[in-house]
Amino acid sequence: MELSERITNITAGGSDGWDTFYRARRMIADGIPVTELNIGEHDIRTHPDILNAMHSAALGGHTGYAVVPGTDSLRSAIAQRIQARTGVPTTAANILVTPGGQAGLFAAHNAVCNQGDTALYIDPYYVTYPGTIRSVGAVPKAIITTPDTAFQPTRAALDTAAPGAKSLLINSPNNPTGAVYLRATMESIAASCQQHDLWLISDEVYDTQVWDGEHISPRALPGMAERTLVVGSMSKSHAMTGSRVGWVCAPEHVINHLINLATHTTYGVAGFVQDAAEFALGQGVSVEETVAAPFRRRRELSLSVLAGQNAVRAVPAQGAMYLMLDIRATGLSGEGFANALLDAEQIAVMPGESFGAAAAGHIRVAMTIDDDRYVAALKRLIAFASDMVKQ
Ligand SMILES: Cc1ncc(COP(=O)(O)O)c(C=O)c1O
């Protein structure tokens with residue numbers, strides 16, 4: 001019996017980029033103490049007040065089927081947050097609550113792509129992007145960005161790729177590069193989408209993690225609200241990765257169709273999780289700043305540890321919880337370096353190649369362990385790279 005092409009083709013028969021990650025996990029299972037700088041997850045857990053809100057909601061009876069688009073009050077709270085951050089008029093009717101941003105990415109592509117349509121995305125990219133596009137039957141096409149332009153897509157690259165495509169997926173602040181798109185970059189993206197009649201899917205799950213510059217949502221640019229689907233999430237902003245709660249913000253007619261999709265797929269998000277998310281949003285921006293603070297601090301620490309050596313070079317990162325390091329001076333590929341570092345120093349990082357061709361010769365370091373261990377691991381990583389450069 002043959003399975004569908006759609007399901008068997010999600011990773012296109014290739015690696016899903018997680019080989020080094022799983023190797024590190026196997027070493028840990030075998031009792032080897034590996035320092036994991038490979039995980040995009042906070043080293044703090046969800047705040048107890050949020051968990052108490054979840055517990056109370058569950059004990060209070062919100063354990064049955066929840067309304068599929070999301071509770072009115074959570075949809076309104078999300079809409080208010082978006083309006084406050086972007087100035088774009090937004091109501092509950094513009095919001096679908098999803099089981100995490102990942103489900104939002106799937107839903108958004110489902111909304112705009114037909115079978116066989118070309119869906120653009122920016123390389124380097126978050127590992128699930130091409131598979132998410134394939135899982136809706138569309139064809140992923142990468143737009144390469146380079147370290148020379150600090151991984152910001154250029155208008156020329158956008159316009160070369162755009163003819164005939166249906167959608168463009170962007171992510172700022174960016175995983176894995178840490179790039180925060182400049183206003184000029186967002187304006188080029190908006191202009192290209194309008195010129196080539198593309199839907200824009202804007203993954204903004206790191207919108208609270210901006211260390212330099214400002215987060216610009218392209219939905220706020222002239223003429224973009226009607227062609228932009230924003231994907232958001234509580235995972236990174238509130239350290240709620242395991243709760244699986246995110247959203248799509250889009251024109252009301254798009255949301256109405258997405259509610260049909262949700263009815264026939266996820267059937268919504270657990271009611272007590274939605275109540276906890278609403279409680280968390282009600283705590284205001286100070287909670288978001290507290291959750292983001294360790295990454296801001298570790299980025300500063302990283303820059304001082306990296307100063308005064310040439311073995312590894314930090315790609316200027318303005319946001320998110322990652323550092324992209326150029327390790328080409330060692331003569332190794334990102335994958336070769338990540339594997340050698342894991343064997344020699346028991347430090348796990350993600351090879352750049354996991355995030356696309358444009359990140360070859362780089363590694364991604366997640367700043368997701370406590371400051372002292374983080375600095376010690378980064379120093380060992382640099383010493384290891386320096387030895388390779390000398391050889
Ligand atoms: C760029 C990006 N988008 C989306 C997601 C998915 O996040 P979640 O499904 O937890 O909201 C992640 C997770 O790491 C990510 O890095």
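The values are calculated or read from the model by the stated rules, or taken from the named source; none is laboratory data. In this text, all values refer to a predicted model and were calculated from it rather than measured experimentally. As a convention, Cβ positions derive from the backbone with ideal geometry for all residues, glycine included, and neighbour counts pool all protein chains shown.
Brief remarks follow.
- Just one of the listed residues (Ala107, Ala156, Ala119) is farther than 17 Å from Arg227 by Cβ, among the small types (Gly, Ala, Ser), more than 15 Å from the chain's Cα centre (by Cα) and outside any loop (DSSP other than H, G, I, E, B), and it is Ala156.
- Odd one out for Ala320, checked against (1) under 25 Å from Val97 (Cα atoms); (2) surrounded by fewer than 21 Cβ atoms within 10 Å (Cβ to Cβ): (2)
- Remark: Gly100 matches the filter, which requires a residue to be in contact (Cβ under 8 Å) with a residue 24 or more places away in the chain and within 15 Å of the ligand (Cβ to nearest atom).
- Note on the range 351-368: residues that are within 16 Å of Arg313 (Cβ to Cβ) and within 16 Å of the chain's Cα centre (by Cα) total 4.
- Residue within the range 123-130 that is within 23 Å of Ala357 (Cα to Cα), more than 16 Å from the ligand (Cβ to nearest atom), touching a Ser or Thr at 6+ places or on another chain (Cβ under 9 Å) and assigned to a loop (DSSP other than H, G, I, E, B) present: no
- The set of residues in the range 238-261 that are surrounded by fewer than 23 Cβ atoms within 10 Å (Cβ to Cβ), in contact (Cβ under 8 Å) with a residue 12 or more places away in the chain and among the polar types (S, T, N, Q) contains only Thr241.
- Hey, Ile369 assigned to a loop (DSSP other than H, G, I, E, B), on the phi < 0 side of the Ramachandran plot and modelled with pLDDT of 95 or more or not: yes
- Check on Arg134, among the basic types (Lys, Arg), within 16 Å of the ligand (Cβ to nearest atom) and within 30 Å of Leu323 (Cβ to Cβ): no
- Restricted to the range 263-314, and to residues there that are among the acidic types (Asp, Glu) and more than 20 Å from the chain's Cα centre (by Cα), the residue that is modelled with the lowest pLDDT is Glu300.
- Candidate set from the range 377-390 (those that are among the aliphatic types (A, V, I, L, M) and in contact (Cβ under 8 Å) with a residue 12 or more places away in the chain); member that is nearest to Gly308 (Cα to Cα): Ile382
- Residue list for the range 199-215, filter: surrounded by fewer than 24 Cβ atoms within 10 Å (Cβ to Cβ) and either in a loop (DSSP other than H, G, I, E, B) or not hydrophobic (A, V, I, L, M, F, W, C) (or both): Thr208, Trp211, Asp212, Gly213, Glu214, His215
- Members of the range 166-191 found to be surrounded by fewer than 23 Cβ atoms within 10 Å (Cβ to Cβ), touching a Leu at 6+ places or on another chain (Cβ under 8 Å) and either assigned to a loop (DSSP other than H, G, I, E, B) or small (Gly, Ala, Ser) (or both), listed by number: Lys166, Ser188, Ala190
- Condition met for Ile82 (out of contact with any Lys or Arg (no Cβ under 9 Å at 6 or more places or on another chain) and either crowded, with 18+ Cβ neighbours inside 10 Å or more than 23 Å from Ala220 (Cα to Cα) (or both)): no
- In summary, Pro124 fulfils each of the numbered conditions (1) touching a strand residue (DSSP E or B) at 6+ places or on another chain (Cβ under 6 Å); (2) crowded, with 21+ Cβ neighbours inside 10 Å with the single exception of condition (1).
- For the range 206-226, the criterion of a residue being closer than 21 Å to Ala103 by Cα, of a type in the set (A, V, I, L, M, F, W, C) and within 16 Å of the ligand (Cβ to nearest atom) is satisfied by no position.
- Just one of the numbered conditions (1) within 15 Å of the ligand (Cβ to nearest atom); (2) out of contact with any helix residue (DSSP H, G or I) (no Cβ under 6 Å at 6 or more places or on another chain); (3) under 17 Å from Leu200 (Cβ atoms) is not true of Ile82: (1).
- Unmet criterion (only one of (1) within 16 Å of the ligand (Cβ to nearest atom); (2) over 21 Å from the mean Cα position of the chain (by Cα); (3) at pLDDT below 95; (4) among the small types (Gly, Ala, Ser)) for Ala317: (2)
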